[in-house]
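Written below as structure tokens is the structure these notes are about.
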Amino acid sequence: MKIERVEQVYLKMPLKHHFETSFGRETHIHKIVLAVHSEGLVGWGETPVEELPHYSYETVETAWHAQRDELIPTLLASDIEHGADAPDLFKRTRGHNMAKAGLEAALWDLEAKRKGISLRELVGATRDQLPVGVSIGVQDTVPELLEQIGDFIEEGYQKIKVKIKPGWDADVIGAIRAEYPDVPLMADANSAYSLDDAAMLRALDAYRLIMIEQPLAYDDILDHAVLQAQLSTPVCLDESITTVRRAQEALQLKACRIINIKPARVGGISAAKAIHDLAAADDAPVWCGGLLESGIGRAANLAVAALPNFTIPGDISASDRYWEQDIVEPAFVLNDDGTMTVPDGPGIGVEVLRDRLAMYTERQAVYP
Ligand code: OSB
Ligand code: MG
């Protein structure tokens, strides 16, 4: 595929409600959308970076720079056959996974559209309805959190994930369990603890959580292995798993029993597939996390999450969970049975709305 033109668009999208994690409270979500053009077709991808280096060291500015100054010129100078060839094409660049992942996703979408097949089919996945869950930020009060959880259960979400941080943890989880004894529940700490907090983390074992996500340092494997040996609750790694190699180390060292695969965090769809396969060979389930993607990234995440070892509901909520107006049509909706339908049209299977893009555009560039 000879790529004739690449569009790079920085979007700032207002959230319906603020989203709070142990890093702080967000009211807007920043991201870069990429469009790759070839022979009249357009492939779309999303780089779900933040404005500031909190969850990840990557930001709008670092991703913009890596794409503009290295990745896009490399792509324009190449003749790439498959989206799956992107990691090799970009291998001279170390790190910058989210910058790479957005371009790789656009190439997979373009390849699928050229072949007239869905991205799901190109990825090699077959399931078409996926059970999904919802991630809920830190709230001002416990009653507000309980009410939100009740609303999401009512809507049909099949897994509730709540953010925890020191001062908002064991008591809050206990209150949720008292109100909703059987809801599939998990906690995500976003690295807010250390091994000094092992006693509190062990106390969470009483609440039958499906897992605890990334309790310790964002770049750690070894402390998580020490912690996992002390917990009956499975540890799930998110931030620590940045590459296929890290996933292998984590599984081998028993630092986790479950992996949250975010294609953007691990560098793209190819790496996500490789980690899926590695975990499956180790009997470790995986699930698809999210980075508050727009409909473009959401569609690609659904296609990847249709692979067979994604056995735990993902953080793949409906468009209206975060957005008044998504940038794709049709928007993603939750089915009555708490599943989401993987689009089966060509590529990502949803249409990108140019007028919506324009509403949220902060900056854009076209190459060459
Ligand atoms: O840790 O999974 C996380 C959002 C932004 C940054 C990190 C995380 C999250 C979420 C929300 O939990 C996932 C989503 O609904 O997209
Ligand atoms: Mg997480």
Checklist line | Of Lys113/Lys161; Lys115/Lys254; Lys31/Lys113; Lys91/Lys165, those spanning more than 29 Å from alpha-carbon to alpha-carbon | finding: Lys113/Lys161; Lys115/Lys254; Lys91/Lys165
Note to self: At 0.36 nm per residue, and after removing the present C-alpha to C-alpha distance, how many nm does the segment from Asp171 to Met359 gain when stretched out fully?
What the structure shows: 63.5 nm
Notebook entry, point to check: Based on the Cα coordinates of the chain, what is the per residue volume of their convex hull in Å³?
Noted result: 120
Notebook entry, point to check: On a 0 to 90 degree scale, rounded to 10, what angle separates helix 142-155 from the longest Cα axis of the chain?
Noted result: 60
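For the chain, what does the helix formula give at 222 nm: sum of -39500 (n - 2.57) over DSSP H segments with n ≥ 4, over the residue count, nearest 500 deg cm²/dmol?
Mean residue ellipticity at 222 nm (helix-derived): -9500 deg cm²/dmol.
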Next item on the list: May I ask you to list the residues of the range 155-194 whose amide nitrogen lies under 19 Å from a point 7 Å from Cα along the Cα→beta-carbon direction of Gln129?
Entry: 155-159
Item checked: Segment Arg25-Glu39, length gained on full extension (0.36 nm per residue, minus Cα span) -> 0.8 nm
Next item on the list: Run the quick spin-label model on Leu15 and Asp336: label points 7 Å from Cα toward the beta carbon, then report their separation in nm to one decimal.
Entry: 3.2
Check: Comparing Gly40, Gly267, Gly297, which has the greatest mean-square fluctuation in the GNM of the chain with Cα pairs linked when under 10 Å apart?
Finding: Gly40
Check: Using the C-alpha gyration tensor of the range 266-368, what are the square roots of 5 times its eigenvalues, in whole angstrom, with the largest one first?
Finding: 27, 18, 12
Item checked: Pair Leu222, Thr243: separation of 7 Å Cα→Cβ label points (nm) -> 1.8
Check: Along each of its three principal axes, how wide is the spread of alpha-carbon positions in the range 1-153, in whole angstrom units, largest first?
Finding: 56, 36, 25
Item checked: Computed E for Glu324/Ala77 - FRET, C-beta separation, R0 51 angstrom, nearest 0.05 -> 0.80
Notebook entry, point to check: For Asp85 and Glu144, FRET efficiency with R0 = 41 Å and r from the beta-carbon atoms, rounded to 0.05?
Noted result: 0.30
Check: What's the extension gain from Ile153 to Ala178 if we count 0.36 nm per residue and subtract their Cα-Cα distance?
Finding: 7.5 nm
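Under Stokes-Einstein, with the Kirkwood radius over Cα pairs standing in for Rh, what whole-number D in µm²/s applies to the range 122-341 at 25 °C and 0.890 mPa s?
Details: Rh = 17.5 Å.
Translational D for this selection: 140 µm²/s.
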Notebook entry, point to check: Angle between the Cα long axis of helix 170-179 and the longest principal axis of the chain, 0 to 90 degrees, nearest 10?
Noted result: 90
Next item on the list: Mind telling me which of Trp108, Trp287, Trp323 comes out most flexible in a GNM of the chain, alpha-carbon contacts under 10 Å?
Entry: Trp323
Margin query: Under 10 Å, Cα contacts only: if you run a Gaussian network model on the chain, which one of Tyr57, Tyr218, Tyr322 comes out with the highest mean-square fluctuation?
Written below: Tyr57
Next item on the list: Using a 1.4 angstrom probe on heavy atoms only, work out the carbon and sulfur share of the accessible area of the range 71-114 in %.
Entry: 48
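The values are calculated or read from the model by the stated rules, or taken from the named source; none is laboratory data. Everything numeric here is computed off the predicted structure, so don't read it as measured data. Here the Cβ is made from the backbone with ideal geometry for all residues, glycine too, and neighbour counts use every protein chain on show. The accessibility values were calculated without ligands, DNA or RNA, using every heavy atom of the protein model including side chains. Shrake-Rupley method; radii C 1.70, N 1.55, O 1.52, S 1.80 Å.
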